[in-house]
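S.K.: I am attaching a structure below and will ask some questions about it afterwards.
The values are calculated or read from the model by the stated rules, or taken from the named source; none is laboratory data. Everything quoted here is computed from the prediction, not taken from an experiment. Positions of Cβ are backbone-derived with ideal geometry, glycine not excepted, and every protein chain shown enters the neighbour counts.
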């Protein structure tokens, strides 16, 4: 009977050197080069979980999601015990709704309770599964461990908003935006939550800023346009519609036309459509997107 391999806790010296080279390429967003480095290494170390996990990350960035999924599965099949590796692979599998994600993320948090990445990634997973109290336990712990990480604050806000604590979510998203003022995603979440709280003028200002930082985000332009129209800024609202038109596909023509019509009908109609239809759906869709 063959010996059972020991669980992997850290990369070998050789693999660590390969990972450094791949990471250097990744930091330059040279994902094809990173994939080439990792692919050559996997020809020799085919079952190494670190190489498999990083190859999965590179392939995901290159749009090869099917292959990336298999890499993450194989990385976990090697039974690693490195909490960073477990959290990374588990978080990646969560995007594919793979049930193996939960066990990997939970194990990472148990193995490394003082590691912010392990705690927030597990908390983010639990929030999307509707386990809000458990999610906030993990996310609040992550905030305590690293209070200056804007991503952790965003995920804390997501859990609070999903549990319909919009005032708490507003505080978390506001803190995230202060920590990283150029994060358009956090700004859009903050603006949508302030809209839920009835702060229309302030929401319009923030949504305008968030939409301008994400010009290819069609939904952001439409939501910002309606908010600006509701706040009496029809000139800026129509500018947002034109920005949206640049990136709109043929199938987007209906919603684009409907938003334009509501803006033309005046502030009250724009606000009603935003508050009752587009705003809540946009917020919900963004909250459920996995990190």
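S.K.: Please verify whether residue 56 is modelled with pLDDT of 95 or more and either farther than 22 Å from residue 142 by Cβ or touching a helix residue (DSSP H, G or I) at 6+ places or on another chain (Cβ under 6 Å) (or both), treating the condition exactly as stated.
M.R.: yes
S.K.: Of all residues in the stretch 124-174, which are assigned to a helix (DSSP H, G or I), free of Cβ contacts under 8 Å to residues at least 12 places away in the same chain and under 14 Å from residue 287 (Cα atoms)?
M.R.: The answer is none; no residue qualifies.
S.K.: Only one of 206, 241, 246 is surrounded by 21 or more Cβ atoms within 10 Å (Cβ to Cβ), in a helix (DSSP H, G or I) and more than 24 Å from the chain's Cα centre (by Cα). Can you tell me which?
M.R.: Of 206, 241, 246, the one residue that is surrounded by 21 or more Cβ atoms within 10 Å (Cβ to Cβ), in a helix (DSSP H, G or I) and more than 24 Å from the chain's Cα centre (by Cα) is 241.
S.K.: Restricted to the stretch 1-44, and to residues that are outside any helix (DSSP H, G or I) and surrounded by 16 or more Cβ atoms within 10 Å (Cβ to Cβ), which residue is modelled with the highest pLDDT?
M.R.: Only one residue fits best here, namely 11.
S.K.: Against the definition (closer than 21 Å to residue 286 by Cα, under 19 Å from the mean Cα position of the chain (by Cα), surrounded by fewer than 20 Cβ atoms within 10 Å (Cβ to Cβ) and in contact (Cβ under 8 Å) with a residue 60 or more places away in the chain), how does residue 95 come out, yes or no?
M.R.: yes
S.K.: Every residue in the stretch 49-84 that is closer than 23 Å to residue 110 by Cα and assigned to a loop (DSSP other than H, G, I, E, B), please.
M.R.: Selection gives 78, 79, 81, 82.
S.K.: So which residues in the stretch 207-230 are at pLDDT 95 or above and over 18 Å from residue 284 (Cα atoms), if there are any at all?
M.R.: 208, 209, 212, 213, 214, 225, 228, 229, 230
S.K.: Quick test of your reading of the structure: residue 102 fulfils all but one of (1) surrounded by fewer than 18 Cβ atoms within 10 Å (Cβ to Cβ); (2) over 18 Å from the mean Cα position of the chain (by Cα); (3) outside any loop (DSSP other than H, G, I, E, B). Name the failing condition by number.
M.R.: Among (1) surrounded by fewer than 18 Cβ atoms within 10 Å (Cβ to Cβ); (2) over 18 Å from the mean Cα position of the chain (by Cα); (3) outside any loop (DSSP other than H, G, I, E, B), residue 102 violates only (2).
S.K.: From the list 276, 260, which one is part of a helix (DSSP H, G or I), more than 16 Å from residue 184 (Cα to Cα) and out of contact with any helix residue (DSSP H, G or I) (no Cβ under 7 Å at 6 or more places or on another chain)?
M.R.: 276 is the lone residue from the list that is part of a helix (DSSP H, G or I), more than 16 Å from residue 184 (Cα to Cα) and out of contact with any helix residue (DSSP H, G or I) (no Cβ under 7 Å at 6 or more places or on another chain).
Let's see how each residue does on (1) surrounded by fewer than 21 Cβ atoms within 10 Å (Cβ to Cβ); (2) in contact with a strand residue (DSSP E or B) (Cβ under 7 Å, 6 or more places away or on another chain); (3) under 24 Å from residue 20 (Cβ atoms):
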| position | (1), (2), (3) |
| --- | --- |
| 49 | no, yes, yes |
| 53 | no, no, yes |
| 78 | yes, yes, yes |
| 110 | yes, no, no |
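S.K.: A further question on this structure: Determine if the stretch 151-171 includes at least one residue that is at pLDDT 95 or above, touching a helix residue (DSSP H, G or I) at 6+ places or on another chain (Cβ under 7 Å) and either farther than 20 Å from residue 132 by Cβ or in the same structural domain as residue 235 (by TED's automatic domain parsing) (or both).
M.R.: no
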